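Comments concern the structure below.
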Amino acid sequence: MPILYTIQEVRDIVSKLKCAGKRIGFVPTMGYLHEGHISLVNESIKENDITIVSIFVNPTQFGENEDFSQYPRDLKRDISLLNDSVDYIFSPSVDTMYPGKRFTEVIVNQYSEGLCGKSRPGHFTGVATVVAKLLNIVSPDQAYFGQKDIQQALIIKQMIRDLDFPVKIRICPIIREANGLAMSSRNVYLTDVQRENASVIYRSFKKALIALKQGQTNAKMLVSTIKDMINNVEGAEIDYIEIRNLGTWDIASTIDTQEYVIAVAVKFGKTRLIDNMIIRGDSIV
Ligand SMILES: Nc1ncnc2c1ncn2[C@@H]1O[C@H](COP(=O)(O)OP(=O)(O)OP(=O)(O)O)[C@@H](O)[C@H]1O
Ligand SMILES: CC(C)(CO)[C@@H](O)C(=O)[O-]
Ligand code: BAL
């Protein structure tokens, strides 16, 4: 499987494929692949003629005190995981993506407030800008993102709408470990004990769902249920727990028949994990 390193290589190949009438699916990642990424790849393979995966740890979405330099990287392993299934990997260097001084950024005002937008100032500007660049380089018909990063997915969808990118965005379900922990490249930082403790996040969602089914529609009470359960676990440090209306992005007060997202970020040691559950009424969407 060819590994493409330059923007021109990608453009040349994609324009030939498009001339041949091929439908192109694109999966942007930061590498260190796991089954969550593979589920996006499989979805793309199912729905397109050609699948391109990018592997690029984007420095501009990391804050100064975040883990850019420690972020797990293993291109060889990633290539071997994708070798038999995808058509191309695009793995640019930082200099290829950002050759000079940067003067342009993409700021998406809807969906950026709260959650990781608050905890990681500037993060979503970095994400939106790099995704805009990647979409302009690859020009896919469809691009695949995970619900695990729900705020990111909503921001990208908004950017596509507002800036008329000719691409369809697909959001794919969260893939979990057997204990319920959402798969994430950063899970590699966790000790065995932390990995088990971190399963409390999913268990707390299940408890909130039971409360919903029993008629608890008060969002503050649901947040408390989740908070109490997570706080009971050794080493868990809550960054945020929020329930927001998925359409308006307003903080929820009462859960009605619209769609809401219950989103959390919790630190175990130095590892910050995010997860979410989308609900309508008393059911998971
Ligand atoms: N468990 C998962 N299920 C489904 N999609 C996922 C999962 N984890 C990540 N993805 C998606 O894969 C894409 C690439 O994500 P990324 O490479 O940052 O991986 P990650 O595991 O989210 O890493 P991180 O540790 O930075 O959170 C994103 O669209 C992300 O939402
Ligand atoms: C979308 C993305 C590849 C942009 O760097 C990244 O934020 C990710 O992996 O979720
Ligand atoms: N999946 C989100 C990438 C990040 O945490 O920077």
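Computed from the coordinates by the stated procedures, all read-outs in this text should not be read as laboratory data. Fair warning: this is a prediction, and the values are worked out from it, not measured in the lab. Because the Cβ atoms are built from the backbone with ideal geometry, glycine has one as well, and the counts that use them run over all protein chains shown.
How about region 156-247: which GluC sites (Glu not before Pro) there are in a DSSP loop, with at most 10 other Cβ atoms within 10 Å of their Cβ?
Details: sites: E177, E196, E234, E237, E242; in loops: E177, E234.
Those that pass, being in a loop and sparsely packed, are E234.
Based only on other Cβ atoms within 10 Å, what is the fewest-to-most ordering of I279, I107? All intermediate terms of the calculation are to be shown ahead of the outcome.
Numbers: I279 23, I107 12.
Neighbour counts put them in this order, fewest first: I107, I279.
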In nm, what is the difference between 0.36 nm times the number of residues separating K267 and D67 and their Cα-Cα distance? 70.7 nm
Those trypsin sites (Lys or Arg not before Pro) in region 241-285 that DSSP places in a loop and that have at most 11 other beta carbons within 10 Å: K270
In nanometres, what is the gap between the two model label sites at S253 and Y5, each 7 Å from Cα along Cα-to-Cβ? 5.8 nm
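Which of T29, T217, T51 comes first, and how do the rest follow, when ranked by fewest Cβ neighbours within 10 Å?
Going from least to most buried by this count: T217, T29, T51.
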Going fewest to most other Cβ atoms within 10 Å around each Cβ, D67, D275 line up as D67, D275
Rel. contact order, % - alpha carbon contacts under 8 angstrom, at least six apart, the chain: 17 percent
Nearest-ten-degree value, helix 123-138 long axis tilted from longest Cα axis of the chain: 30 degrees
Give me the one-decimal nm value for the distance between modelled label points at K76 and K118, 7 Å along each residue's Cα-to-Cβ direction. 4.4 nm
Here are some pairs, K16/K46; K16/K118; K148/K220; K16/K148; which of them have Cα atoms lying more than 31 Å apart in this structure? K16/K118; K16/K148
Yeah, region 3-172 with a ≥ b ≥ c from its alpha-carbon gyration tensor (a/c under 1.5 is rounded, else prolate when a/b outruns b/c, oblate otherwise) is rounded
Quick one: length gained pulling E237 to V193 fully straight, 0.36 nm per residue minus the C-alpha distance? 14.3 nm
Would you mind checking the tilt of helix 200-213 against the longest principal axis of the Cα atoms of the chain, expressed as 0 to 90 degrees and rounded to 10? 60 degrees
Can you list the lysines whose alpha carbon is less than 17 Å from that of K227, not counting same-chain residues fewer than 8 positions off? K206, K207, K267
Could you tell me how many degrees, from 0 to 90 and to the nearest 10, lie between the Cα long axis of helix 35-47 and the main elongation axis, the longest principal axis, of the Cα atoms of the chain? 60 degrees
Between D162 and N83, what length in nm is gained on full extension when 0.36 nm per residue of separation is reduced by their alpha carbon distance? 24.9 nm
